[in-house]
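Asker: A single structure is presented below for examination.
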Amino acid sequence: MELKGAGKTTLLSVLGLLLMPEEGSYRFENREMLTADIDQAAIRNRKIGFVFQEHRLLPQFTAIDNILLPTLASQSQANEDQTSYARELMRLTGIADLAAKYPPTLSGGESSRTALCRALIMAPSLLLADEPTGQLDAVNSHNIVSLLKQVNKELGTTILMVTHSGEVASAAGRILTLDNGAIK
């Protein structure tokens, strides 16, 4: 797919059904996504996880509430299994003790890990990650990459990650380059 003037974040936004391309097609789970009969919002919420560069955490909610937000698209409150899973994700990312903290009190790295947990809470089949290790130190970056590899292996989640880190990229099964809007 070629996107005129598009960059990495734009590509992720198209794949995540947040933006519509001017031309071309997009198949996800053997279905064309760019047709009127597709409920893109439902697919986006249930099947696609997002880790944005800016985190997009809501400051009025605690870390665990931010993680559980995607569950509220189809129910009035998170159930016990979802809350337990959120706590497990927090443990795996090293932020278990931050559940009651609010985003303004979190460091950039803690916010990144909270955003990653939120992206994984619905056990998506596709995870789109825009520089998920960009604000992390080497140890936490390694831990996040290990977690992503585990998610890929155990859940079968496809992970499309944008990174400028050669070390992070080297952990990927396949590396693509985006050059002037074209994937190479």
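The values are calculated or read from the model by the stated rules, or taken from the named source; none is laboratory data. Keep in mind it's a predicted model, so treat the numbers as computed, not measured. Reconstructed Cβ throughout: ideal geometry from the backbone, glycine too, with neighbour counts over all protein chains shown.
Asker: Taking Pro103 and the conditions (1) of a type outside the set (Ser, Thr, Tyr); (2) on the phi < 0 side of the Ramachandran plot; (3) under 14 Å from the mean Cα position of the chain (by Cα), which numbered condition does it fall short on, given that it satisfies the others?
Answerer: The number of the failed condition is (3).
Asker: Check whether at least one residue in the range 35-44 is at pLDDT 85 or above, assigned to a strand (DSSP E or B) and within 22 Å of Thr157 (Cα to Cα), and report yes or no.
Answerer: No, there is no match, as no residue in the range 35-44 is at pLDDT 85 or above, assigned to a strand (DSSP E or B) and within 22 Å of Thr157 (Cα to Cα).
Asker: Exactly one of these conditions fails for Met90: (1) assigned to a loop (DSSP other than H, G, I, E, B); (2) at pLDDT 90 or above. Give me its number.
Answerer: Unmet for Met90, out of (1) assigned to a loop (DSSP other than H, G, I, E, B); (2) at pLDDT 90 or above: (1).
Asker: Look at the range 146-164 and say how many of its residues are surrounded by 14 or more Cβ atoms within 10 Å (Cβ to Cβ) and under 16 Å from Gln53 (Cα atoms).
Answerer: Residues meeting the conditions: 5.
Asker: Looking at Met122, Met161, which one is part of a loop (DSSP other than H, G, I, E, B) and under 11 Å from the mean Cα position of the chain (by Cα)?
Answerer: Met122
Asker: Filter the range 49-79 down to the residues that are part of a loop (DSSP other than H, G, I, E, B) and among the charged types (D, E, K, R), then identify the one that is farthest from Asp97 (Cα to Cα).
Answerer: Among residues in the range 49-79 that are part of a loop (DSSP other than H, G, I, E, B) and among the charged types (D, E, K, R), the one farthest from Asp97 (Cα to Cα) is Glu54.
Asker: Restricting attention to the range 107-133, which residues are surrounded by fewer than 18 Cβ atoms within 10 Å (Cβ to Cβ) and either over 22 Å from Ala41 (Cα atoms) or hydroxyl-bearing (Ser, Thr, Tyr) (or both)?
Answerer: Correct list: Ser107, Gly108, Ser125.
Asker: Since Asn152 meets every condition but one in (1) touching a Gly at 6+ places or on another chain (Cβ under 9 Å); (2) part of a strand (DSSP E or B), which condition does it not meet?
Answerer: Single failed check for Asn152: (2).
Asker: Being over 21 Å from Ala172 (Cβ atoms) and in contact with a Cys (Cβ under 8 Å, 6 or more places away or on another chain) narrows it down to one of Met122, Met90, so name that one.
Answerer: Matching residue, one of Met122, Met90: Met90.
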